[in-house]
Every structure is written in C-alpha cells, then in structure tokens.
Amino acid sequence: MMKDLNNKANYEKYFQSIRFFYHSLPIEKKHDFLRQVAFYNIYLAAQCVMSSQKDEIIEEELILKAEFLAKDFNDPNNSARGFLALAEFEQFILISKLLKNVQKPTKQHLTIFKKIFENNNGQEIFFQLLDVLLDLRNIQLISYCITTYNGTIVVNSENQKIINILLLFLFENGNYGLAKIIIEKYDLYNDIKLIFDVEPLKIVEDLLKANRKKLQAIKLAYEIYNRYNLIKHINAEDFINVIVGSDKGLVTAISIATRQHINSKQVNEKISNLLNPKRGNQKAINRLQKKVTQLINNGLLIYISRNVSLSEQFDRFKEALNYDYDKKKSLLEIPIPIFISTEYSIYDDNVEIPLNKTIEEIVDDYFKMKKKPYLENLVNMLSFHFKASFKEISHVLRKYELSGKVKVALDYGYYVMGENIETKSLFFLHPAQAFEINDIYNHLDEGSNVDFRIIGINRTTLRFNISRLKEFQI
C-alpha cells in the first residue's frame with residue numbers, strides 16, 4: 001500500500017502524508033492500512049481514525065491494542081504511544097485504571113512520561129493526564145508528570161480548575177516544595193490570583209500557618225510576598241519567626257533578615273550559640289565549622305557586619321577554633337539560596353512599588369535611597385512588573401557612574417565590590433573594558449579604586465558587567 005511504512009510511521013515528517021494517504025483510500029482498504037500503521041505506531045493510527053468519520057469497528061480494535069501496549073511498562077516507548085493513543089480516543093477511565101494499578105512508581109514510569117511528552121508536548125495532553133492523576137491522588141506519578149513536561153502553560157478558563165485542584169492537593173499534603181517548582185517552572189506567579197480565585201495576601205497568610213513542612217511553605221510564601229509587594233500587610237519578620245528554630249531554617253532566616261535589613265533577636269541568638277559552642281571533640285568541631293561555612297556561603301558575613309557584638313564573637317570563634325575559609329570563594333560565589341533570580345520586591349518595609357512611574361524614574365529613586373536593597377532585586381522587579389528586558393534595564397543603569405574596589409584580580413578579569421551600593425554578586429570587569437587603548441598602565445591590583453558604569457547583565461547569574469571606558473559615558 002505505502003512503501004517503507006515501517007520507517008515512515010516512526011518519523012514525524014511523514015505523519016501528515018500518512019494521514020492524507022489514509023483519507024484517500026477507499027473504505028474497504030482503510031482497515032488493513034490502519035492495522036499496518038498500528039503495528040508500527042499505535043498513536044499515529046489513533047490520530048488517523050480520530051481525524052476521519054467515526055468507525056467503531058476499527059476504533060474498538062485499536063483501543064484494545066493500545067491498552068495492551070500501554071500496560072507493558074517494560075517497553076517505555078510503546079507504552080507511551082499506547083497511553084497517547086488512549087488519550088486520543090478519550091479513554092481516560094481506562095487510562096485511570098491502568099495507572100491505578102501502579103502502587104510503587106519506578107524509573108520505568110518516569111521514562112514513559114518522558115516518551116509521552118516527546119511525542120506530544122502540547123499542554124492539552126499534559127492537563128488530560130494531570131486530571132487523571134489527581135483522581136488517583138498518586139503524588140509520585142504527579143511529580144513524574146510535572147518533571148517531564150517541559151512545555152509552556154497558558155492559564156485559561158479550561159485548565160484553571162485543574163491547576164487549582166493540583167496546588168490545593170499539594171498544599172493539603174505538605175508538598176510546598178513541589179508546588180513552588182510548578183509555579184516557577186511554568187511561570188505562574190502572575191496567574192496566582194486567577195488560579196486560586198483569592199487575593200495573594202490570603203495565600204501567604206495561609207502558608208504562614210502551615211502545620212508541617214514549614215520551611216518549604218515559608219519559601220513559597222515569601223516568594224509570593226515579594227512578587228506582590230505585600231510589605232504593608234505582613235511584617236517580614238513573621239517569616240523568620242516561623243523557621244528560625246532549625247538549622248536549615250536559619251539559612252533562609254538569615255537570607256530574609258539580610259534582604260530586609262532586619263536585626264532579628266531570634267537569628268542573633270542562634271548565631272551567637274553557634275559562635276560560642278561548648279567544648280567538644282574534633283568531630284563535633286568539624287561539623288560546627290562546616291555549618292558556619294554553609295552560613296557564610298549564604299550571607300552570614302553580610303548579616304553580622306551590621307552587628308558589632310556578632311562580629312566580635314565571629315573573630316573570637318575564628319581564633320579559638322583556628323577556623324579559616326576561602327575568602328575569594330565567599331566573595332565570588334554568594335549563593336542566596338532562594339533569592340538569586342526570583343526576588344522581585346526591592347523596597348524596605350512600608351514602601352510600595354510605584355507602578356505608576358516610568359522605569360527611569362524608579363531607577364532614579366533607587367539611587368537616591370540611603371539604604372539601597374540589592375541591585376539585582378531592582379532588575380528583577382523591573383523585569384517582573386514592567387516586562388523590561390535586561391538590555392533595556394542595563395541601558396537605564398548606564399547613566400550612573402559608580403565607584404568601588406577590586407576585590408579579586410585574575411587573568412580573565414577583575415571582580416569589583418561597589419561602594420554605597422549592595423549587590424549579591426561582585427561586579428565583573430573584563431580586561432578589554434578596564435583600560436583605554438592608549439593607557440600605558442594596564443593592570444589593576446586587589447584593593448585598587450575604580451570608577452565604572454554598568455554595561456550589561458548576565459541573564460543566567462544576574463552578575464553585572466561593567467566598563468571603565470569613556471565611550472560608555474552619557
């Protein structure tokens with residue numbers, strides 16, 4: 001009937017011609033052709049049937065074949081096509097029965113979901129599967145579905161209910177971390193109000209009351225709090241008070257306190273207890289030093305720099321335990337765990353984001369502030385609320401002349417700490433941007449003073465690229 005069907009049925013570029021060929025056949029030849037297609041690709045055969053006049057005889061035959069293939073989890077490729085064919089036939093009750101028998105999902109099931117979305121990456125099939133999985137209440141399969149779907153989600157009246165049920169289900173079971181992954185992976189923060197049909201403030205208040213997995217709940221709550229600029233409604237210290245008790249919570253608490261310029265009594269006590277340990281063996285000391293290093297890598301030094309007592313305790317701690325750390329690494333790699341590229345509110349408490357102003361006016365206001373929040377937060381806020389590109393933002397920032405000191409000098413460039421401005425990462429100065437062509441002296445040392453302008457923003461790391469060249473002066 002069709003030459004080389006075994007190969008053509010497995011290459012997407014031939015699918016349309018196969019469907020066209022099927023429609024051109026006389027009725028008496030269609031069934032035989034579909035059986036041949038189904039032998040090589042059951043999903044393609046289902047698409048042929050569903051794009052033509054209803055044919056119950058061949059449809060029932062293909063559904064049985066699709067079911068047989070779908071439940072063979074040892075063959076992920078054919079199993080995935082079987083599930084896709086059943087979805088094409090709208091056999092969601094049958095799909096539900098097949099997945100209901102999966103008591104302990106394995107990597108085979110993960111692979112099947114990958115194959116499903118390789119064959120069909122549209123959001124429609126994603127939501128159809130998600131709807132089935134939510135009825136089963138199988139959190140592992142739901143996680144597999146979310147992990148493997150890398151398409152986009154456009155929230156509309158049809159899928160809003162499913163996303164709402166999904167997130168509420170995760171909240172009920174304490175899966176706040178997975179909920180946060182979903183919201184960030186599919187960029188749903190702007191749709192929070194539509195999805196939940198309540199104000200973001202209510203969602204944050206409910207998350208603050210979480211009875212379990214409190215740290216994950218707080219991370220999500222604080223993210224929504226920042227994005228929707230809820231500083232007038234909730235004191236940022238409320239987030240700290242909920243989580244500061246645990247070691248992992250202390251990391252996040254320090255990040256929040258540093259970001260919000262909060263001098264938290266509870267955080268101070270926890271840090272003080274770490275820096276003034278009781279006597280212990282070498283193993284306990286090593287664990288303690290490792291813990292302090294982790295806190296340093298998450299903003300401890302910035303936090304204690306604002307507290308004379310803690311700074312003095314840290315100096316005594318270093319001397320007593322002969323503690324040292326990689327200062328260059330702590331300067332070059334300052335991973336604020338939950339606020340690197342996702343923090344959008346830039347203002348301190350009781351100051352609202354002036355959405356009625358232009359980008360230029362907001363940036364002017366920022367540079368007039370005595371206590372400036374991180375510059376990265378300004379960039380993210382402008383990107384989130386004003387849909388401004390990094391290129392647009394860097395052009396606005398370029399008009400401000402800044403000054404600083406070289407903290408790290410390397411062959412490939414210089415890392416500069418700005419004066420009177422806080423950034424999470426040091427500014428990066430490439431050698432080609434450091435000296436004019438006719439400069440005789442073309443070397444900078446650690447501690448050298450430099451004047452510069454921002455000329456670009458690294459999209460991945462949010463590190464600011466700077467230049468000392470006159471051509472960038474405005």
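The values are calculated or read from the model by the stated rules, or taken from the named source; none is laboratory data. Every value quoted in this text rests on a predicted model; they were computed, and no experiment measured them. Heads up, the Cβs are rebuilt from the backbone with ideal geometry, glycines too, and the neighbour counts pull from every protein chain shown. Keep in mind that these areas ignore ligands, DNA and RNA; they rest on the heavy atoms of the full protein, side chains included. Shrake-Rupley method; radii C 1.70, N 1.55, O 1.52, S 1.80 Å.
Tabulated data
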quantity: Members of 104/424; 65/107; 214/290 lying beyond 32 Å, as alpha-carbon distances in this model show; calculated: 104/424
quantity: With at most 11 neighbouring Cβ atoms within 10 Å, loop trypsin sites (Lys or Arg not before Pro) (DSSP) excluded, longest segment of the chain; calculated: 280-369
quantity: Within the chain, longest stretch clear of exposed GluC sites (Glu not before Pro) (DSSP loop, no more than 14 other Cβ within 10 Å); calculated: 159-332
quantity: Normalised per residue, the volume of the convex hull around the Cα set of segment 37-150 (Å³); calculated: 90
quantity: Theoretical FRET efficiency, 1/(1+(r/R0)^6), r = Cβ-Cβ of residue 93 and residue 20, R0 25 Å, to 0.05; calculated: 0.20
quantity: Mean ellipticity per residue at 222 nm, deg cm²/dmol - from DSSP H runs of n ≥ 4 across the chain, formula -39500 (n - 2.57); calculated: -16500 deg cm²/dmol
quantity: Length-normalised contact order for segment 23-155 - Cα pairs under 8 Å, 6+ apart - percent; calculated: 19
quantity: Accessible solvent surface per residue of segment 97-178, calculated while the other protein chains remain in place, 1.4 angstrom probe, Å²; calculated: 50
quantity: Distant-in-sequence amide H partners of residue 407 (H built 1.01 Å from N, under 5 Å); calculated: 415, 416, 417, 447
quantity: Antiparallel bridge percentage (DSSP; both residues within the chain; nearest 5); calculated: 90
quantity: Solvent-accessible area, 1.4 Å probe, carbon plus sulfur percent, for segment 134-279; calculated: 46
quantity: Relative contact order [Cα under 8 Å, 6+ residues apart], the chain, whole percent; calculated: 7
quantity: Residue-normalised accessible area of segment 353-474, expressed per residue, 1.4 Å probe, Å²; calculated: 53
quantity: Inter-site label distance for residue 102 and residue 59 at 7 Å from Cα along Cβ, in nm; calculated: 2.6
quantity: Debye equation applied to the C-alpha atoms of segment 406-452, log10 I(q)/I(0) at 0.22, 0.25, 0.30 Å⁻¹; calculated: -0.76, -0.96, -1.27
quantity: Kirkwood Rh and Cα Rg combined as Rg/Rh, segment 362-456; calculated: 0.99
quantity: Rg to Rh quotient for segment 146-198, alpha carbon positions, Kirkwood Rh; calculated: 0.93
quantity: Whole-Hz ³J(HN,Hα) from phi, Karplus 6.51 cos²θ - 1.76 cosθ + 1.60, for segment 421-432, glycine and proline x; calculated: 7, 9, 10, 6, 10, 5, 5, 10, 10, 6, x, 5
quantity: Between helix 265-275 and the chain: long-axis angle, C-alpha atoms, 0 to 90°, nearest 10; calculated: 80
quantity: Overall dimensions of segment 179-318 as given by Cα atoms, namely Rg and Dmax in Å; calculated: 17.2, 55
quantity: Within the accessible area of segment 391-472 (1.4 Å probe), percent carbon and sulfur; calculated: 46
quantity: For the chain, alpha-carbon Rg over 2.2 N^0.38 Å; calculated: 1.26
